[in-house]
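Report on one structure; see the data block that follows.
The values are calculated or read from the model by the stated rules, or taken from the named source; none is laboratory data. These figures come from a predicted structure and were not determined experimentally. Cβ coordinates were reconstructed from backbone atoms using ideal geometry, including for glycine residues, and neighbour counts include every protein chain displayed.
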Amino acid sequence: MAPVKKLAQGKLPIEVLKPMLHSLTASGLVVAPDIGIDVGVTRTKGRFLVSSSDPITGVVDRIGWYAVNVSANDVATSGIPPDTLNIVALFPDGTSERDIGKIMREINETADSLGIAVAGGHTEITPKLDRIIVVVTAIGSGDKYVTSGDSKQHDSLLLTKTAGIEGTSILAKLPSIAKQLEPSTQRTAKNLIQKLSIMKESRIAFKTGKVHAMHDVTEGGVLGSAVEMSMAAKLGVGLYREKIPIDPTTREICEKLRIDPLRLIGSGSLLIACKATDSKLIISELQAVDIPCTEIGEFLPSAEERWLESRGKKETLSAKSIQDELWPTLRKYGDLS
């Protein structure tokens with residue numbers, strides 16, 4: 001009998017997840033579960049109901065803030081803003097009522113700041129759990145939507161803000177990493193959490209009527225998310241390293257740790273696909289409200305063609321070749337306290 005293969009931390013590998021998704025019953029769905037698709041879509045009373053669920057497992061500090069924003073971001077990529085959340089919060093033995101109350105208040109305050117209602121959920125003290133886990137399901141409804149799989153051949157690929165936002169803010173909180181940084185760098189990195197929401201830019205971009213597809217940058221960073229987006233559309237993608245913006249703080253931390261910022265989890269950035277002739281309009285609309293937006297690549301006709309060009313040389317990209325930098329770095333430098 002062949003040995004049982006153990007999987008690495010993080011999202012399930014695509015080759016493992018894909019057959020599981022395709023075995024699910026999808027009758028009645030407008031958009032069924034698939035690789036690279038951020039949301040599920042159903043129709044109810046003539047409107048589209050969009051939903052998405054996400055767990056927070058890699059952080060403890062400000063976990064409520066992360067949980068709400070990350071799940072809300074997924075729904076926002078449809079062009080329909082979320083209006084309702086359900087929360088599942090699991091706590092280890094020994095968690096105090098005060099600590100639970102603090103997290104629940106943070107969830108409620110974050111949701112309220114985004115105009116989202118917390119409708120309900122479940123909380124419990126869970127045996128054999130060594131950390132807090134919060135899972136959020138976000139829901140919204142509207143008359144029209146896009147998905148991350150709606151990119152077209154020769155579309156331009158745009159990126160808002162910079163690469164590795166979420167990963168930078170998480171790594172800067174590790175004591176063994178923080179002591180290597182100047183106090184000003186620590187503060188700047190930790191404050192990147194304030195950029196975690198993509199609800200504003202998704203709304204503004206969608207309102208132009210020129211967006212074909214959107215996808216938030218999560219595990220695997222800009223590269224992993226762009227590959228997911230191309231797979232969802234059954235297209236290829238070409239990216240240009242020199243065009244992808246990286247915050248100086250992110251660059252400094254990644255250079256110290258010898259990791260690639262383009263492969264670092266990056267909630268807070270949004271990938272947008274549009275006709276090449278419409279990219280300037282979308283960039284201009286976002287820059288008018290102080291949201292940086294940059295054209296970083298294009299979608300290619302052949303689904304077998306996925307690459308990152310750097311200084312004239314092309315590196316082939318695939319889902320298997322892109323592992324998020326966060327998990328191995330957490331293992332190396334110690335988990336968050």
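Quick rundown of the values:
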{"quantity": "Residue within the stretch 317-329 that is within 25 Å of Glu201 (Cα to Cα) and free of Cβ contacts under 8 Å to residues at least 12 places away in the same chain present", "calculated": "no"}
{"quantity": "Helices (runs of 4 or more DSSP H) (entirely within the stretch 213-291) containing at least 1 residues that are buried (at least 24 other Cβ atoms within 10 Å of the Cβ) and not aliphatic (A, V, I, L, M)", "calculated": "221-233, 248-257"}
{"quantity": "Residues (modelled with pLDDT of 95 or more, under 9 Å from the mean Cα position of the chain (by Cα) and hydroxyl-bearing (Ser, Thr, Tyr)) located in the stretch 192-223", "calculated": "none"}
{"quantity": "Restricting the stretch 48-73 to residues that are small (Gly, Ala, Ser) and not in a helix (DSSP H, G or I), the residue that is farthest from Lys102 (Cα to Cα)", "calculated": "Ser51"}
{"quantity": "Residue tally, condition surrounded by 19 or more Cβ atoms within 10 Å (Cβ to Cβ) and either within 23 Å of Ala288 (Cα to Cα) or out of contact with any helix residue (DSSP H, G or I) (no Cβ under 6 Å at 6 or more places or on another chain) (or both), over the stretch 151-163", "calculated": "9"}
{"quantity": "Out of Lys256, Lys234, Lys280, sole residue that is basic (Lys, Arg) and free of Cβ contacts under 8 Å to residues at least 24 places away in the same chain", "calculated": "Lys280"}
